[in-house]
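The values are calculated or read from the model by the stated rules, or taken from the named source; none is laboratory data. What you are looking at is a predicted structure, and each value in this text was computed from that prediction instead of being measured. Using ideal geometry, Cβ is built from the backbone for each residue, glycine included, and neighbour counts are taken over all protein chains shown. Just the protein is used for accessible areas: all its heavy atoms, side chains included, with ligands, DNA and RNA removed. Shrake-Rupley method; radii C 1.70, N 1.55, O 1.52, S 1.80 Å.
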Amino acid sequence: MTSHVLTVTCPSKRGIVAAISGKLAELGCNITDSAQFDDPGTDQFFMRVSFVSEKGLTRAELVSEFTPVAEDFDMTWAVHDEEKKMKVVIMVSRFGHCLNDLLYRWRIGALPIDIVAVVSNHMDYQKLVVNHDIPFYQVRVTKENKPQAEARLLEIVEESGAELVVLARYMQILSDRLCQKMSGRIINIHHSFLPSFKGANPYKQAFERGVKLIGATAHYVTADLDEGPIIEQDTIRVTHAQSPEDYVSLGRDVEAQVLSRAIHAHIHHRAFINGNKTVVFPASPGSYASERMG
């Protein structure tokens with residue numbers, strides 16, 4: 001039997017849970033995991049339901065049967081096949097720690113995605129990527145050719161069927177147009193627990209300020225640089241005895257872990273955009289171990 005995930009966002013009102021669970025029961029579906037959140041601040045309701053169709057209904061049949069319920073509650077919703085791996089394009093510049101980490105997790109099965117392409121504005125990681133039998137594209141970006149470069153990027157995304165773009169320390173600013181076109185489908189890793197130390201050398205800035213915690217933030221990309229809805233964060237404690245180089249090394253480890261966890265949340269349909277923030281449901285018991293490997 002195929003497992004599916006139903007994701008729902010809609011205005012908050014009485015009877016949503018009853019309507020969803022009742023319809024799934026009527027269709028012969030067994031709910032295996034469920035999480036919900038009602039946000040009084042935005043008056044929005046969020047729900048993620050994992051279920052198995054004991055009658056063997058296809059995704060198309062489930063969508064057809066559930067549509068009237070969705071319309072009654074003005075839902076933004078989708079039914080996902082849990083076995084289907086999401087197609088992902090990874091973008092990188094010259095810092096390769098996140099790319100290397102993602103490739104390793106993907107190779108050992110800890111990150112269940114289908115990497116359909118790696119795009120870079122440099123050639124540093126071409127051999128690494130090609131050795132993994134993954135298509136590599138160099139797209140040079142300058143002030144003069146940026147519109148053409150982004151058009152090529154979109155072409156790669158569309159031709160590959162990618163559903164998610166991961167900026168694994170890609171050091172080029174995306175245009176507002178591209179961010180809007182791919183809203184909710186681009187994840188970036190930011191080298192700070194909070195976006196307070198910006199620029200090319202954030203760990204040196206952190207060292208000079210004598211911070212006691214460094215970390216990383218993974219977020220959805222919006223037109224506001226490094227200010228998109230946050231998906232995942234983590235920190236590590238540092239001391240006065242450590243050097244800026246130590247900060248960089250420790251920071252890279254945190255960045256890789258945070259980015260991987262953010263991707264896990266997205267590909268398992270646990271992350272919902274809620275205005276300028278997110279609702280991120282925890283991993284279900286059945287998938288907790290495999291997701292934590294990521």
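Specify whether the C-alpha gyration tensor of the stretch 34-182 places it in the rounded, prolate or oblate class, a ≥ b ≥ c being the square roots of the eigenvalues: rounded for a/c under 1.5, otherwise prolate if a/b is larger than b/c and oblate if not. Prolate, since a/c reaches 1.5 and a/b exceeds b/c.
As a fraction of the 1.4 Å probe accessible area of the chain, surface on carbon and sulfur atoms comes out at 50 percent. Rounded to 0.05, the FRET efficiency of the D33 and R59 pair, given R0 = 22 Å and the Cβ-Cβ distance, is 0.80. In the chain, the DSSP-assigned H stretches of four residues or longer account for a calculated mean residue ellipticity at 222 nm of -10000 deg cm²/dmol, using -39500 (n - 2.57) per stretch and the full residue count as denominator. Which one, V157, T42, F281, projects farthest toward the positive side of the charge dipole computed for the chain from Cβ point charges (K/R +1, D/E -1)? Result: V157. Taking 45 Å as R0, compute the FRET efficiency from the Cβ-Cβ separation of T67 and S249 and round it to 0.05. After rounding, the FRET efficiency stands at 0.30.
Work out the charge dipole of the chain with +1 on the Cβ of Lys and Arg and -1 on the Cβ of Asp and Glu about the Cα centre, then indicate which of I231, V118, S192 is farthest towards its positive end. Farthest towards the positive end: S192. With both residues required to sit in the chain, DSSP beta bridges show an antiparallel share near 70%.
Rank by packing, highest mean first: peptides 58-64, 118-124, 29-35, with packing defined as the count of other Cβ atoms within 10 Å averaged across residues. Numbers along the way, then the final one.
Numbers: 58-64: 14.0, 118-124: 18.9, 29-35: 16.4.
Descending mean neighbour count gives 118-124, 29-35, 58-64.
If I stretch the segment between Q242 and Q126 completely, what's the gain in nm (0.36 nm per residue apart, minus their alpha carbon distance), one decimal? Full-extension gain reported as 38.4 nm. Among R209, R270, the order of accessible area from largest down is R209, R270, computed with a 1.4 Å probe on protein heavy atoms.
Surface exposure of the chain, expressed per residue as accessible area with a 1.4 Å probe, stands at 50 Å². The C-alpha radius of gyration of the stretch 167-283, expressed as a fraction of 2.2 N^0.38 Å, stands at 1.08. For the chain, the share of alpha carbon pairs falling in successive 10 Å distance bins from zero is 6, 25, 32, 24, 11, 3, 0 percent. Remark: the L213-E82 segment gains 43.5 nm on full extension, using 0.36 nm per residue and subtracting the alpha carbon distance.
What is the magnitude of the charge dipole of the chain about its Cα centre, with +1 placed on the Cβ of each Lys and Arg, -1 on the Cβ of each Asp and Glu, and no other charges, expressed in debye to the nearest 20?
Approximately 780 debye in magnitude.
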